[in-house]
Amino acid sequence: MTEANTFTISKLLRPHIAGLKPYSSARDEYSGKEGVFLDANENAFGSVTEQPFNRYPDPYQHELKAKIAELKHCRPEQIFLGNGSDEAIDLLYRAFCEPYLDNVIICPPTYGMYEVSAEINCVEVRQVPLTADFQLQPQAIMEAVDWHTKLIFVCSPNNPTANNMAVDDIRYLLEHFHGLVVVDEAYIDFTTQPSFVKSLEVYPNLVVLQTFSKAWGLAALRLGMAFASPELIGVLNKIKPPYNINGVTQQLALAGLNRTDVFREMLAETLRQREMLAETLKSLPQVSHVYPSDANFLLVKTPRPKELYDFLTQKKVIVRDRSKLALCEGCLRITVGTAEENRQLVAAIQQFV
Ligand SMILES: *Cc1c(COP(=O)(O)O)cnc(C)c1O
């Protein structure tokens, strides 16, 4: 297909963003490490805390990106880091979607932020639901596309259905859609399906989102990754707040990336607990179905979801009621916990009559 081949970011961008001259921070204008730094109105005497935080952090997180590039087998220029994936999602809207004019496509049931961010940015959302077995409808998606469609959001593994989208369907969209296909891989570490990061050189209209909030266990740091062509990353860099990733986050994420043994151990335990919990839940009369999971949570069907949810909450076991979502009738979404947490969950469900 030829449209992706003729893809150019400048034609897709909102005109005022294409012409924008970004804020130039003190650290943009001089990025050396040695010297007497009197350029950023920082506190030369230190910080009120024991640890020093008086200097502004690296606005482009060079050290962190070098490490991530190594791990993900891509180039640092293909990485954007945001204050959570949510920042990357918001910046994509602000860069590409003209309020009251452009639209995006989402495939419910899926992650809620795509739609919330659209509403915040006054952008129309077109919904093309997943099939009954939670897969994309690529042809129907392309029928919903017009020349004002700028983004298609695909979540794989999908939240809350926990399954992978078929790779061929995602490729079909990448090859036929004139805009950006945003593949949200927040749960990629929990599946054996390969990441689309390896396809960045093939598809100039691909954006892959990943996060440190799930498998890395760093949700409180607020650190999300977007992978795309260097040109697209340049656009996000141009419109982001200058110091969007704080110094503590950069420092701690870097330390975490050097402890891949701990990462692998936590991941293996999550997968073990996921399989054990799924088997246990399937044996309970209160549960009618446990969907297969490629993520760190289970979608669980039950005859009386609201009542069970309230009962569990009363017992101080908090899960997510997803039963109001299309295709998720009767479903609760349950995060895989530690062996002890899962034991308490199961014990609580067993008391529900
Ligand atoms: C949890 C999650 C994220 C992560 O968001 P952060 O802002 O990085 O914490 C992104 N996408 C999906 C689908 C998620 O479920």
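The values are calculated or read from the model by the stated rules, or taken from the named source; none is laboratory data. Please read all numbers here as calculations on a predicted model, not as lab measurements. Every residue, glycine as well, gets a Cβ built from its backbone with ideal geometry; the counts of neighbours run over all protein chains shown. Ligands, DNA and RNA are excluded from the accessible area calculation, which covers all protein heavy atoms including side chains. Shrake-Rupley method; radii C 1.70, N 1.55, O 1.52, S 1.80 Å.
Nothing charged except the Cβ atoms of Lys and Arg (+1) and of Asp and Glu (-1): what's the magnitude of the dipole of segment 114-229 about its Cα centre? Round to the nearest 20 debye. Don't skip to the answer; put the middle values down first.
Working: 6 positive and 13 negative charges, 70 e Å.
That gives segment 114-229 a dipole magnitude of about 340 debye.
In this structure, the amide hydrogen of T335, modeled 1.01 Å from its nitrogen in the peptide plane, lies closer than 5 angstrom to those of L298, R320, counting only residues at least 5 positions away or on a different chain. Surface composition of the chain: carbon and sulfur make up 55 percent of the accessible area, probe 1.4 Å. Solvent-accessible area per residue in the chain equals 49 Å², computed with a 1.4 angstrom probe and all protein chains kept.
Between the C-alpha center of segment 111-126 and that of segment 149-204 there is a gap of 18 Å. In order along segment 124-141, the phi-based Karplus estimate (6.51 cos²θ - 1.76 cosθ + 1.60, θ = phi - 60°) of 3J(HN,Hα) comes to 5, 10, 9, 9, 10, x, 5, 6, 4, 9, 6, 10, 5, 10, x, 5, 4, 4 Hz; Gly and Pro are listed as x.
Can you compute the charge dipole magnitude of the chain about its Cα centre, using +1 on each Lys and Arg Cβ and -1 on each Asp and Glu Cβ, nothing else charged? Give it in debye, rounded to the nearest 20.
Working: 34 positive and 42 negative charges, 119 e Å.
Using Cβ point charges on Lys, Arg, Asp and Glu, the chain gives about 580 debye.
Taking amide hydrogens as placed 1.01 Å from N in the peptide plane, the amide H of D184 sits under 5 Å from those of V154, C155, S156, L209, each at least 5 positions away in sequence or on another chain.
Within straight-line reach of K11, meaning a Cα separation under 23 Å, sit the following lysines at least 8 residues removed in sequence or on another chain: K21, K150, K238, K240.
Which GluC sites (Glu not before Pro) in segment 293-349 sit in a loop by DSSP (not H, G, I, E or B) and have at most 15 other Cβ atoms within 10 Å of their own Cβ? The partial results should precede the final answer.
Working: sites: E307, E329, E340, E341; in loops: E329.
Filter output for segment 293-349: E329.
Helix 339-350 and the longest principal axis of the Cα set of the chain meet at an angle near 40°. Among the cysteines of the chain, C74, C97, C107, C122, C155 have no other cysteine beta carbon within less than 4.7 Å of their own. Dipole of the chain computed with +1 at Lys/Arg Cβ and -1 at Asp/Glu Cβ about the Cα centre; of G19, Y243, Y172, farthest Cα towards the positive end is Y243. Taking amide H atoms as placed 1.01 Å from N in the peptide plane, the amide H of R126 lies under 5 Å from those of V104, I105, I106, each 5 or more residues away in sequence or on another chain. Note on segment 239-333: with charges restricted to the Cβ of Lys and Arg (+1) and Asp and Glu (-1), its dipole about the Cα centre is near 280 debye.
Against the chain, whose longest principal axis is taken from its Cα atoms, helix 247-257 shows a tilt of about 60°. Rounded to whole numbers, the Karplus 3J(HN,Hα) couplings from phi for segment 313-318 are 4, 4, 7, 6, 10, 9 Hz, using 6.51 cos²θ - 1.76 cosθ + 1.60 with θ = phi - 60°, and x at Gly and Pro. Between the DSSP loop rule and a limit of at most 13 other Cβ atoms within 10 Å, which chymotrypsin sites (Phe, Trp or Tyr not before Pro) in segment 100-136 are left? Here the chymotrypsin sites (Phe, Trp or Tyr not before Pro) that fit, given the DSSP loop and packing criteria, are Y100. Cross-link partners for K198 among the lysines, with Cα-Cα distance under 16 Å and sequence neighbours closer than 8 places in the same chain left out: K72. Residue-wise HN-Hα couplings along segment 77-93, as the Karplus relation 6.51 cos²θ - 1.76 cosθ + 1.60 with θ = phi - 60° gives them from phi, are 5, 9, 10, 10, 10, x, 6, x, 4, 4, 5, 5, 4, 4, 5, 4, 4 Hz; Gly and Pro carry x. Give the aspartates and glutamates reachable from K65 as a straight Cα distance under 14 Å; neighbours fewer than 8 places away on the same chain don't count. K65 reaches E77.
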